[in-house]
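For reference, the structure discussed in these notes is given below.
The values are calculated or read from the model by the stated rules, or taken from the named source; none is laboratory data. These numbers come from a predicted model, not from an experiment. Reconstructed Cβ throughout: ideal geometry from the backbone, glycine too, with neighbour counts over all protein chains shown. Surface accessibility is based on the protein's heavy atoms, side chains included, excluding ligands, DNA and RNA. Shrake-Rupley method; radii C 1.70, N 1.55, O 1.52, S 1.80 Å.
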Amino acid sequence: MAQSCCGKTEFTGLDPAYKRILWVIILINGVMFGVEMVAGWIAQSQALQADALDFIGDTLSYGISLWAIGKAASVRSNAAIFKGISLLLMSVWVFGSTGYRVFVMSNPEAFTMGAIAIAAFAANLTSVLLLVKYKDGDANVRSVWLCSRNDAIGNLIVLIAASGVWATSSAWPDLIVAGIMAGLFLSSAWQITTQALREKERIKQNVGSCSAS
């Protein structure tokens, strides 16, 4: 379950229960990606489409996390860096598409936004509750927790956006929330990547220290 060489011990995902949880969460996220992308297109909601992108990103991320479990520490760190870069690209896409929508705004359909956001929040809350026991660990494990936590937060603010669209008959609440979600992607990308880089540096130091001893 953990790995150490002359240094700090961390949970690395080597737990059959954790692997089973990852499979369940991969299934949940894959289904919700399809639901939200279709609903986002029908409702013309940028926030729903951004959240759908988050679901597919998480599905791929969790798959990589599952694959990396049990691999060498350097492989797990590289997998985490890859996921950090993916989140960065997602944030750029959402920022760009949201900026485009500012100039071609059409009001999203608030009821569809709200209904799908509630379903998505229930799915993500299930994932968060399953993962809370495993929220701390190496960068690979940590990235899974951060993605699930961000999803739950994102669904709550999509609900707020739907209320704002309904109350104001304006697309601006939807666009603002899409921007906030892009910021969450960016924040997670920074946290995951910096932790993975620290782990890679610690691996080098531990190898040198263990070799010297």
From the option list 79, 72, 47, single residue qualifying as more than 16 Å from the chain's Cα centre (by Cα) and among the small types (Gly, Ala, Ser) is 72
When (1) β-branched (Val, Ile, Thr); (2) surrounded by 15 or more Cβ atoms within 10 Å (Cβ to Cβ); (3) touching a Gly at 6+ places or on another chain (Cβ under 9 Å) are applied to residue 128, the one that fails is (3)
Note on the range 186-196: residues of a type in the set (Gly, Ala, Ser) and either open to solvent by 30 Å² or more (accessible area, probe 1.4 Å) or without any contact (Cβ under 8 Å) to a residue 12 or more places away in the chain (or both) are 187
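A quick yes/no check of all residues on (1) in contact (Cβ under 8 Å) with a residue 60 or more places away in the chain; (2) in contact with a Gly (Cβ under 9 Å, 6 or more places away or on another chain):
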{"residue": "13", "(1), (2)": "yes, yes"}
{"residue": "24", "(1), (2)": "yes, no"}
{"residue": "41", "(1), (2)": "no, no"}
{"residue": "45", "(1), (2)": "yes, no"}
{"residue": "48", "(1), (2)": "yes, yes"}
When the range 166-175 is checked residue by residue, the ones that are aliphatic (A, V, I, L, M) and at pLDDT 80 or above are 167
Filtering the range 172-185 for residues that are surrounded by fewer than 23 Cβ atoms within 10 Å (Cβ to Cβ) and either farther than 26 Å from residue 88 by Cβ or of a type in the set (Phe, Trp, Tyr) (or both) leaves a count of 1
For the structure I just gave you, tell me whether residue 157 is among the β-branched types (Val, Ile, Thr), open to solvent by 70 Å² or more (accessible area, probe 1.4 Å), over 30 Å from residue 68 (Cα atoms) and in a helix (DSSP H, G or I). no
Checked the range 41-75 for anything hydroxyl-bearing (Ser, Thr, Tyr) and not in a helix (DSSP H, G or I); matches are 45
query: Restricting attention to the range 89-101, does a residue exist that is open to solvent by 40 Å² or more (accessible area, probe 1.4 Å), at pLDDT 80 or above and not in a helix (DSSP H, G or I)?
result: no
Considering the range 40-81, residues that are of a type in the set (D, E, K, R) and open to solvent by less than 30 Å² (accessible area, probe 1.4 Å), and then whichever is farthest from residue 206 (Cα to Cα), we arrive at 51
Restricting the range 14-38 to residues that are open to solvent by less than 10 Å² (accessible area, probe 1.4 Å) and touching a Leu at 6+ places or on another chain (Cβ under 8 Å), the one modelled with the lowest pLDDT turns out to be 36
Restricting attention to the range 13-31, does a residue exist that is more than 18 Å from residue 179 (Cβ to Cβ), acidic (Asp, Glu) and over 15 Å from the mean Cα position of the chain (by Cα)? yes
